[in-house]
């Protein structure tokens, strides 16, 4: 593994290895065991989309690993004023040990990897969100003690989260059921990928049916960053696509509920269900720190 650009690039073994390392690093951090694995390393963090969890978790993670993180907004970089991404990649490769980028176009992440000579980590694009899903898988395994054989249900927009969750869940042996309205399905590349897993992937327009016997029920906001102008239209389209009592009654009695946050209570999830499953949701948020530390170690540690 040279980069983390999208989960499609990783094998099942690589995903499980990251999860195992994330568990180890979490245990060490909780027990005060230092792990200065990236001492002297520097991570550049390029943000063209704002963030709470991504910035804080990567910055804290680098500190805990003994390294340093640099926050670089598009306003601070020449890339925001038209410098080609290939030039930015080659310059930053002379200064940094790795780059995490949170941006709009997947091509920008792929170009950084093509032209740079250091590891590139995708902190989110409109196409996928691999770091979040690694943390999600870590959380499911913590609560369910396994991944293989579980049923994973996602309800809502077939966005970057639906794309990455589908790939990650299928690769670790889960079956995937998506409750998405017509016209808001995942990217076609993801649907094509899922065809490799016959009988393990379905898209159902009725969210209650999609959640039937699910072990994990997951949702995201109806309007993602950059779609604020569509918010009113999307509220109409997604009106019935909510994790609520009816959906949870369809899922297994011990089903987990997950949300990548921020959450809009009474839109994609009711406040009641959110609070009933808050421990799971905030374990998931915390695990961004541990999963991303594992990614950075695998990509940036001198002996890796």
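The values are calculated or read from the model by the stated rules, or taken from the named source; none is laboratory data. Since we're looking at a predicted model, the values are computed, not measured. We place every Cβ from the backbone using ideal geometry, glycine too, and count neighbours over all the protein chains shown.
Only one entry in 98, 66 is surrounded by 17 or more Cβ atoms within 10 Å (Cβ to Cβ), under 26 Å from residue 297 (Cβ atoms) and either free of Cβ contacts under 8 Å to residues at least 24 places away in the same chain or not assigned by TED's automatic domain parsing to the domain that holds residue 262 (or both), namely 98.
Contact map, segment 153-176: first residue over 12 Å from residue 258 (Cβ atoms) and assigned by TED's automatic domain parsing to the domain that holds residue 237, second residue surrounded by fewer than 24 Cβ atoms within 10 Å (Cβ to Cβ) and modelled with pLDDT under 95, Cβ cut-off under 6 Å, separation 6 or more or different chains; pairs are 159/224.
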